[in-house]
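First the structure, in the form of structure tokens, and then the observations on it.
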Amino acid sequence: MVEDQYRGQAGRCVTCNGPIEIPDWSPSSGQEIVFRSRRLIWVVASLVAIVFATVVVVVTVRYGGAALAQLQASGERVGSMRNLETITLALNAYAADHGRYPPAFTSDAGGKALHSWRVLLLPYLGQEQLYNEFRLDLPWDSSENRFAAQGNCPDVYRHPNATMMGLSDVSSYYVITGANTLFPGASSLSPSDVLDNAAQTMLVVEATPSVPSGLWTQPIDLDFALLKGDLSSGGGYEPGGWSDGGAAIACVDGRAHFLNDSTPPLVVRSLVTPRGNEQLPDDTLD
């Protein structure tokens, strides 16, 4: 691609001192060579791009759809489990400071539920400023508290799919309340009250409750009395509803697990009770 005046000449490269020989061509043929070379490069590059695009389309259609969906689902499970572990760490830190876990809900003098445990846990999630915006003496759905909660749900309370599903202000994680649980109502137990294996005692779970939920601050959770332990039912009164094949949970020991929906209901219920004395195999959550 040198100018015609240099055709047929030879010399040394000023950089590496290697020999350089310029072919001898006629002016017209040299231009044609350059044109053809450039055209050939363009054609080859275009063909490579077309072939690559075709392969991507074929692989995506034939294999990639399922593979990409499976990869995405796996990432969402892992993300939800990391959220659960963070929440569990905060719950255990609260218990270390207060001698017991936060109550499932705070209540007024008349016993009316005011706020979820999720509000009480905010200082342990690095959300002190948000916590200070709430009026704890007023119910969660008061105008002041709705204003504080709207659009401010901590990321750790949201399943990775929540925003895409338009549920960015609704909690994806719940405790299980009622008799024989860690959260029997307006009071709660402490980690030292757990007589069963702490690694096999649920503390918090992902769920999509059938009870209407307006905001993440609403004091609603899963009722043990209504829980059948059927994870394949798609949520409602059971853990799950976010991922196909089961539900992510976290135990008192701080570890998160993905509980397969084929887990027997009796085992699921046994994992809830902290003092049920159920003898579960060591690999129950493996």
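The values are calculated or read from the model by the stated rules, or taken from the named source; none is laboratory data. The structure presented is a predicted model; accordingly, all values stated were derived computationally and were not measured. All accessible areas refer to the heavy atoms of the entire protein, side chains included, with ligands and DNA or RNA removed. Shrake-Rupley method; radii C 1.70, N 1.55, O 1.52, S 1.80 Å.
Accessible area per residue of the range 81-184 at 1.4 Å probe, in Å²?
In whole numbers, the range 81-184 has 46 Å² accessible per residue.
Taking all protein chains as present, what is the carbon and sulfur share of the accessible area of the range 97-148, in % to the nearest whole number, probe 1.4 Å?
C and S fraction of accessible area: 48 percent.
By accessible area of protein heavy atoms, probe 1.4 Å, what ranking do Arg158, Arg100, Arg118 get, highest first?
Descending accessible area places them as Arg100, Arg158, Arg118.
Once amide H atoms are placed 1.01 Å from N in the peptide plane, what residues at a sequence separation of 5 or more from Met202, or on another chain, have their amide H within under 5 Å of its amide H?
Excluding prolines and chain starts, which carry no amide H, the hits are Val272.
Give the separation of the Cα centroids, the range 121-177 to the range 183-252, in Å.
What the calculation gives is 17 Å, centre to centre.
With a 1.4 Å probe and all protein chains kept in place, how do Ile22, Ile249 rank by accessible area, largest first?
Ile22, Ile249
Round to a whole number: what % of the accessible area of the range 208-286 belongs to carbon and sulfur, probe 1.4 Å?
Here carbon and sulfur together make up 47 percent of the probe-accessible area.
Please calculate how many Å² of accessible area the range 226-286 carries per residue, with a 1.4 Å probe and no DNA, RNA or ligand atoms counted.
Roughly 49 Å² per residue, with all protein chains present.
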